[in-house]
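Working notes, structure below.
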Amino acid sequence: MYMAMKRFMVSIPEEMERALEKERKERMLETVPEVIRVILSEYLRKK
């Protein structure tokens, strides 16, 4: 099944950027958008 991808542009404070960079390194992911997708996916799965 093909899932269409949508793009969103968001602004985040520097503190959040630092936290996402830290997560990126800990999870060994390549990009911050990838980290955001993983975190959102985990969050929505728990609901």
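Bear in mind these aren't lab numbers, they're just calculated from the coordinates by the rules spelled out. Not measured: the values here are computed from a predicted model.
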Discussion item. What do you get for the angle between helix 14-27 and the principal long axis of the chain? Use alpha-carbon atoms, 0 to 90 degrees, nearest ten.
Written reply: 70
Worksheet item: If you line up the long axis of helix 32-46 against the longest principal axis of the chain, both from Cα atoms, how many degrees apart are they, to the nearest 10?
Response: 60
